[in-house]
Amino acid sequence: QHAGRARQNAPRRYLRIREATTVRAGGSQATLAPCAGFRAGYTFVNDNPIYDSFPKRILMDFDEHSFVADVCGARSFGLQCELQQAHTMNRCRGSSLANCVGLSEAGVLNVTGLRYPDEFVKHKLLDAIGDLYLMGSPILGAFEGFKSGHALNNQLVRTVLANPTAWEFVTQLDVATPVSEVARTQQIAAFAG
């Protein structure tokens, strides 16, 4: 984001979802479905009562600004009591309150608090978006995750890409409405409805 932008000699390529695809594992589910722009939703479920007072659901229509403004600052999070066990498993080695949200029975441990009231569900959505970008192009479609993690999101990506009728590459020239206008139109329609 700090490097700036450079004009390319080709139109931007998108991966447009043509058929809905759903994968499930245990009680989790992930879906990609057709949509004119990029819409993403996520439902965060955790049995620990520490999370009870925080929002569990998010649904967003994205444009070129909303990702940076509304989602990308959502940090990883975890329970302080589980950190030592994670370290013994060679996980979370760089975790600190400077780059993650720590939680205890008393609540959020970070002095500055949360960056967003719904930071936990936004971080899960951020994880999912990162997993979807492994498809190689920005997506024109709607993602919906219910307790999905990296493994299930990866399974969704592989399942979609394995079905050639479920997706297609298009360029900005192939899209009737400019992608940046789609989210704005969807937001206006949702507000008016």
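The values are calculated or read from the model by the stated rules, or taken from the named source; none is laboratory data. These figures come from a predicted structure and were not determined experimentally. All Cβ positions, glycine included, derive from the backbone under ideal geometry; neighbour counts span all protein chains shown.
Below are the figures for this structure:
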| quantity | calculated |
| --- | --- |
| Among the candidates A189, A151, A183, residue that is under 18 Å from the mean Cα position of the chain (by Cα), at pLDDT below 95 and part of a helix (DSSP H, G or I) | A183 |
| G141 vs. criteria touching a Leu at 6+ places or on another chain (Cβ under 7 Å) and surrounded by 23 or more Cβ atoms within 10 Å (Cβ to Cβ) | yes |
| R57, sole failed condition from (1) touching a strand residue (DSSP E or B) at 6+ places or on another chain (Cβ under 9 Å); (2) farther than 19 Å from V101 by Cβ; (3) of a type in the set (D, E, K, R) | (2) |
| Options A166, A128; residue that is more than 19 Å from the chain's Cα centre (by Cα), assigned by TED's automatic domain parsing to the domain that holds M60 and modelled with pLDDT of 95 or more | A166 |
| Selection count, region 57-114, where residues are in contact (Cβ under 8 Å) with a residue 12 or more places away in the chain and among the polar types (S, T, N, Q) | 7 |
| Any hit, region 93-102, residues being over 23 Å from G149 (Cβ atoms) and not polar (S, T, N, Q) | yes |
| Matching residues, region 115-136, being among the charged types (D, E, K, R), touching a residue at least 40 places away in the same chain (Cβ under 8 Å) and closer than 13 Å to K147 by Cα | K122, K124 |
| Selection from region 1-24 of residues that are in a strand (DSSP E or B) and either among the charged types (D, E, K, R) or farther than 28 Å from F146 by Cα (or both) | R13, R16, R24 |
| Which numbered condition N99 misses (of (1) within 16 Å of the chain's Cα centre (by Cα); (2) exposed (fewer than 14 other Cβ atoms within 10 Å of the Cβ)) | (1) |
